[in-house]
Amino acid sequence: MFRLLFVQFFFIIFIFSSGRCSNIVETETQVLNEVGKKRKPEDSIPIIEIHGEGQPMTAAQIRQLEELSNGGPLDIKIEKTWRPFDCPRAARRKDFITFHYKAFTEANKKCDQSYGREPIRIQLGVGMIIPGLDKGMRGMCDTELRKIQVPYRLSRKRKSKVWKNIPNEEHWLTFNIEMLSVEPWSLDLQFNFLDINNDSLLTENEIF
């Protein structure tokens with residue numbers, strides 16, 4: 001009698017447990033199916049983590065890599081934003097030019113401008129400004145607008161106080177140039193340009 005009761009009790013527990021496990025399996029299956037429906041194809045792409053080793057590249061190394069990918073030294077890039085139909089005189093070496101500029105870093109942040117101050121007047125092609133601008137403004141006409149991008153190697157120069165706000169370590173500098181006037185070279189203009197104090201005499205300091 002006792003054995004019979006024990007067998008019946010065990011059978012009831014077995015049935016109860018089997019039903020409970022079945023419910024759990026069904027519930028887990030439903031959850032997995034729902035998750036599977038929500039997953040996108042790209043979710044199955046494995047994630048690969050890349051960890052760099054060593055020190056970060058220096059600015060000089062980045063510039064060297066950029067020039068290697070270019071196949072040689074980087075040069076200026078010129079975009080002629082606007083050019084007048086009539087151009088009686090395009091700027092040449094030794095001409096005297098007057099212009100305004102806005103300067104931007106590689107991140108397109110304005111770092112300097114001549115607007116709000118006196119425009120810049122220089123003699124073109126004699127080393128009075130950074131080499132990239134000296135090269136990029138040749139051929140400009142009165143009232144012409146240009147965007148000139150200057151790479152690092154053509155922006156390095158001992159700068160006068162006019163250019164003191166131009167940063168030295170930018171890979172690229174961008175200048176928006178507004179040409180105000182182009183004056184052809186002449187002996188009189190050269191003399192007047194050098195005669196800083198307008199005394200009609202040239203001193204050693206004014207010449208050199």
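The values are calculated or read from the model by the stated rules, or taken from the named source; none is laboratory data. Everything quoted here is computed from the prediction, not taken from an experiment. Cβ: placed from backbone, ideal geometry, glycine included. Neighbour counts: every protein chain shown.
Just one of ASN168, ASN176 is at pLDDT below 85 and closer than 30 Å to TRP82 by Cα; which is it?
Result of the check over ASN168, ASN176: ASN168.
So which residues in segment 160-197 are hydroxyl-bearing (Ser, Thr, Tyr) and either under 12 Å from PHE96 (Cα atoms) or without any contact (Cβ under 8 Å) to a residue 60 or more places away in the chain (or both)?
Those that are hydroxyl-bearing (Ser, Thr, Tyr) and either under 12 Å from PHE96 (Cα atoms) or without any contact (Cβ under 8 Å) to a residue 60 or more places away in the chain (or both): SER160, SER181, SER186.
For residues that are of a type outside the set (D, E, K, R), touching an Asp or Glu at 6+ places or on another chain (Cβ under 9 Å) and surrounded by 11 or more Cβ atoms within 10 Å (Cβ to Cβ), scanning just segment 54-89, find the one that is nearest to GLN149 (Cα to Cα).
Out of the qualifying residues, it is LEU74.
Would a scan of segment 97-109 turn up a residue that is without any contact (Cβ under 8 Å) to a residue 60 or more places away in the chain, over 22 Å from the mean Cα position of the chain (by Cα) and part of a loop (DSSP other than H, G, I, E, B)?
Checked against the condition, which is being without any contact (Cβ under 8 Å) to a residue 60 or more places away in the chain, over 22 Å from the mean Cα position of the chain (by Cα) and part of a loop (DSSP other than H, G, I, E, B), segment 97-109 yields no hits at all.
I'd like the residue in segment 100-131 that is in contact with a Pro (Cβ under 7 Å, 6 or more places away or on another chain) and of a type outside the set (A, V, I, L, M, F, W, C) and, out of all such residues, is nearest to LYS161 (Cα to Cα).
Only one residue tops the list, namely HIS100.
Any idea which residue in segment 130-144 is farthest from GLU67 (Cα to Cα), counting only those that are buried (at least 16 other Cβ atoms within 10 Å of the Cβ) and either within 22 Å of the chain's Cα centre (by Cα) or among the hydroxyl-bearing types (Ser, Thr, Tyr) (or both)?
It comes out as MET137.
Please state which of the following conditions ASP112 fails to meet, knowing it meets all the rest: (1) within 26 Å of TRP185 (Cα to Cα); (2) not in a loop (DSSP other than H, G, I, E, B).
Here ASP112 meets the rest and fails (1).
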